[in-house]
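Encoded as structure tokens, the structure appears first; notes follow it.
The values are calculated or read from the model by the stated rules, or taken from the named source; none is laboratory data. Note that the structure is predicted; figures quoted are calculated from it, not measured. Reconstructed Cβ throughout: ideal geometry from the backbone, glycine too, with neighbour counts over all protein chains shown. The protein model used for the area step is the full one, side chains on, heavy atoms only, and it has no ligands, DNA or RNA in it. Shrake-Rupley method; radii C 1.70, N 1.55, O 1.52, S 1.80 Å.
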Amino acid sequence: SMSVGQICGGMSCRFVPSVQDFDKKLAEADAYLQILIDQLKVRLFYRKTSSGCIYNVLSCESCVLYHVCCSLQSTINPVDGVFQPAPLNTSVVSASAMPTQTTLPTDGAQVCKTEQRPSSLPMGPVVTVMGSLQTPTPNSTGSGPSAPSSSVTSPSHMNIPPHSVPDFSYSSSEDEFYDVVLPTFILERRSLLEMYADFFAHPDLFVSIAEQQDPRDRMVQVVKWYLSAFHAGRKGSVAKKPYNPILGEVFFCHWDLPETEDPESVSDGPLPWSSKNSVSFVAEQVSHHPPISAFYAECFSKKIQFNAHIWTKSKFLGMSIGVHNIGQGCVSCLEYDEHYILTFPNGYGRSILTVPWVELGGECNISCSKSGYSANIVFHTKPFYGGKKHRITAEIFAPNDKKSFCSIEGEWNGVMYAKWATGENALFIDTKKIGIVKKKVRKLEDQLEYESRSLWKDVTTNLKLKDIDAATEAKHRLEEIQRAEARERKEKEMQWETRLFHEDGECWVYDKPLLKRLASQRH
């Protein structure tokens, strides 16, 4: 019999698989996975913690494969072409991510809970590989009875009700849960708050926005900085998952730009220890349900600032995890009274059966209401068959024009080229050649207890030592403190008060932005 390639005879041929083709391939994969599951050996340890929860730790470097094998076995029937996991009320996985750091299920933890709340992402019968599990205690809010314990022993014997998996979810750590530890290579060893700082790994590109004399050039420079902001977070080819920030957690850092004069500190700025020529950055976890991160950056000498908030909804897509980023950012050029509103791409953790990798997808926009300039950016996901990874296309428009004056194409983590209305083609950005500027963070001993690196130091230290058990315990201690504080606030009917940001409509805004401070100086 001839192959598709032979039939095509070298001609351009696009094969579009049908649902039946996919069904057949999945059935084959399922058979192989069952053999794998039968061959892999798992040792299960039970550890009683102070809270009475039972921790289930898979002593197996292939535990990710276990989870995905089992969830894959529960996805034989597609729903609208997307394979959905089976609901199992004692098994969920929490997933959240940032535009650049999307990724895998939970930071070292698969989460098993009593009920399927909007904050849970069901992942199929993960639990069944481990045998019968005790039922967790009711969650800290006290809502809902405990679910019956699972006694299912084989994923292949489960009844899977159709359309029973919620499309989206957001991550939670306030409920009682079980942790099943993932291999150390998946863990980022830093908080999501710190990872947002990677947006400014090229602070020179950011401040140069304010140096452009023409509004058109400023918009082009905003696009250039924006497109350079995603590759820095991906330091390796393997997708990694950061720590989910804890409510009230903060992160501070700055980048030094070449000094043109003796550095003078900004006493009323976000970081009094940084200079007027630095780009200062602050981030705070301002909400737990949903998990909203807010961050702010400024450069005093260039009169430019950036304010953003992001939270994520996660979706299980068969063998991928999709993370929908909700929120927006705003670049403000204060000398020109211009504000550039921008949105963020979605992220996808792919190939979670083998070596996981991250890709971005979706359409994003940048617009300035004062100048009228705008840009449309599309992050293209890789087609099922063929096609390139990490492709982006972008169009930049002058006010009221329907035809762009600049078209950009390339890879967001590689080289991007611009084609101008004049017909000129030129290099736009080469992310491989522009140097990442290292951020500066205060030493641990100088940090506040709720700063990211200080807060997570025990988890990070034990992960570096490859002591997963101790890292899991350290993480659990942090979550227990968070639960206890949440219960206390509920009992006293108190609201959480943020440290650095406040809610303004649907946005979270830094309390003392440069715009506000300069305005008060003028008066």
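Which shape class, rounded, prolate or oblate, goes with region 384-515 when its Cα gyration tensor gives a ≥ b ≥ c as root eigenvalues, a/c under 1.5 marks rounded, and past that a/b bigger than b/c marks prolate?
Note, shape of region 384-515 comes out prolate.
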**Message:** For a 23 Å ceiling on Cα separation, which of these pairs sit above it: Lys303/Lys433; Lys276/Lys439; Lys224/Lys389?
**Reply:** Lys303/Lys433
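Ranked highest first by average number of other Cβ atoms within 10 Å, how do 297-307, 401-411, 283-293, 495-505 line up?
Packing order, densest peptide first, comes out as 297-307, 283-293, 401-411, 495-505.
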**Prompt:** Among Ser265, Val441, Ser520, whose Cα lies farthest out toward the positive end of the dipole of region 184-521, if unit charges sit on the beta carbon of Lys, Arg (+1) and Asp, Glu (-1)?
**Reply:** Val441
**Message:** With +1 on the Cβ of every Lys and Arg and -1 on the Cβ of every Asp and Glu, and nothing else charged, how large is the dipole of region 184-521 about its Cα centre, in debye rounded to the nearest 20?
**Reply:** 1260 debye
**Request:** Could you tell me which of Phe316, Ala426, Ser351 has its Cα farthest along the dipole of region 184-521 towards the positive end, charges placed at Cβ (Lys, Arg +1; Asp, Glu -1), taken about the Cα centre?
**Result:** Ser351
**Asked** For region 184-521, rounded, prolate or oblate, judged on the Cα gyration tensor with a ≥ b ≥ c (square roots of eigenvalues), a/c < 1.5 rounded, else prolate if a/b > b/c?
**Response** oblate
**Message:** Can you give me the % of accessible surface on region 184-521 that is carbon or sulfur? Probe 1.4 Å, all protein chains present, nothing else counted.
**Reply:** 50 percent
**Fill in**
Checked against a 23 Å limit on the C-alpha separation, the offending pairs among Lys302/Lys432; Lys370/Lys432; Lys302/Lys438 are Lys302/Lys432; Lys370/Lys432
**Item:** lysines with Cα under 18 Å of Lys403, excluding same-chain neighbours fewer than 8 positions away
**Value:** Lys419
**Message:** How much accessible area per residue does region 424-523 have, counting only protein heavy atoms and a probe of 1.4 Å, in square angstrom?
**Reply:** 68 Å²
**Message:** At a threshold of 8 angstrom on Cα-Cα distance, excluding pairs fewer than six apart, so keeping six or more, what relative contact order does region 184-521 reach in percent?
**Reply:** 16 percent
**Asked** Between rounded, prolate and oblate, where does region 312-426 land on the alpha carbon gyration tensor, with a ≥ b ≥ c its root eigenvalues, rounded for a/c under 1.5, else prolate if a/b exceeds b/c?
**Response** oblate
